[in-house]
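Worksheet for the structure shown next.
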Amino acid sequence: MAQQIFYTLFLFLLSTTMLTASSAPVAPITSKRAINFIQASCKATTYPTVCVNTLTGYANSIQTSPRRLAETALNVTVTQAQSTKVFVWRLGRFKTLNKREIQAVKDCIEEIHDAVDRLTKSIHEVKMCGSAKGRDQFWFHMSNAQTWTSAALTNANTCSDGFAGRVMDGRIKNSVRARILNLGRGTSNALALINAFAKKY
């Protein structure tokens, strides 16, 4: 009797384990087609290597959608801009900064803040393109996305310009410009992918 109870309990536990295993989520395998799509699309950007390295990790969600590709590029760039803003803000707390550096850092933070806001608005407009009803509505949102992203790129360039001139040479200038350079490349690529999405319509 005890042996029968044990055997029944064993079968119950075994069936439960199998059910759990069968219902567990399986990690998706990155589609080769999606990766090829990203690589081909990135050829249209100013910095294709940066584009591929940045976006390949999102291949499963992008698949072969030009809209999702542009939207993902914008999301990645927003995150990069937010990180850059924090980095520059921390530099501004150094007590060794001279007056010009303090002002340049302050102005740069404002520019990056505006860039984050504009890139976020661009993400919204790209999303709206996906649900647009008719050509006119699509191009209304597309034009807004292009404008906001272009403005964000201007913000990044303006920040970098604030550290121009030999008088600003030094570690602070080099650190900020390195971050802004990367942000500018990401923003430029995002704009190129938005334009590519527009051509697919």
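The values are calculated or read from the model by the stated rules, or taken from the named source; none is laboratory data. In this text, all values refer to a predicted model and were calculated from it rather than measured experimentally. Here the Cβ positions follow ideal geometry from the backbone for every residue, glycine too, while neighbour counts run over all protein chains shown. In case anyone asks, the SASA skips ligands and DNA or RNA and just uses the protein heavy atoms, side chains included. Shrake-Rupley method; radii C 1.70, N 1.55, O 1.52, S 1.80 Å.
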Fill in the blank from the handout: At R0 = 41 Å the Cβ-Cβ FRET efficiency linking Ala178 and Lys200, nearest 0.05, sits at 0.75
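Which value, in Å², gives the accessible area per residue of the range 78-201 when a 1.4 Å probe is used on the protein heavy atoms?
I get 56 Å² per residue for the range 78-201.
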Exercise for the section: Could you work out how far apart the two model spin labels at Thr79 and Thr46 are, taking each label as a point 7 Å from the Cα in the direction of the beta carbon, and quote it in nm? Expected result: 2.3
Exercise for the section: Mind giving me the FRET efficiency for Val86 and Ser31? R0 is 35 Å, r the Cβ-Cβ distance, nearest 0.05 is fine. Expected result: 0.55
Completion exercise
For the range 125-130, Karplus-derived ³J(HN,Hα) couplings (6.51, -1.76, 1.60; θ = phi - 60°; whole Hz; x for glycine and proline) come out as 5, 5, 4, 5, 4, x
Practice task
For the range 61-201, give the percent of accessible area contributed by carbon and sulfur heavy atoms, probe 1.4 Å, rounded to a whole number.
Solution key: 50
Problem - Label-point separation, Lys99 to Asp169 (7 Å along Cα→Cβ), nm - result: 2.3
Practice task
Using the structure shown, list the pairs from Lys32/Lys121; Lys43/Lys121; Lys99/Lys121; Lys43/Lys127; Lys95/Lys121 with a Cα-Cα distance above 28 Å, or answer none.
Solution key: Lys32/Lys121; Lys99/Lys121; Lys95/Lys121
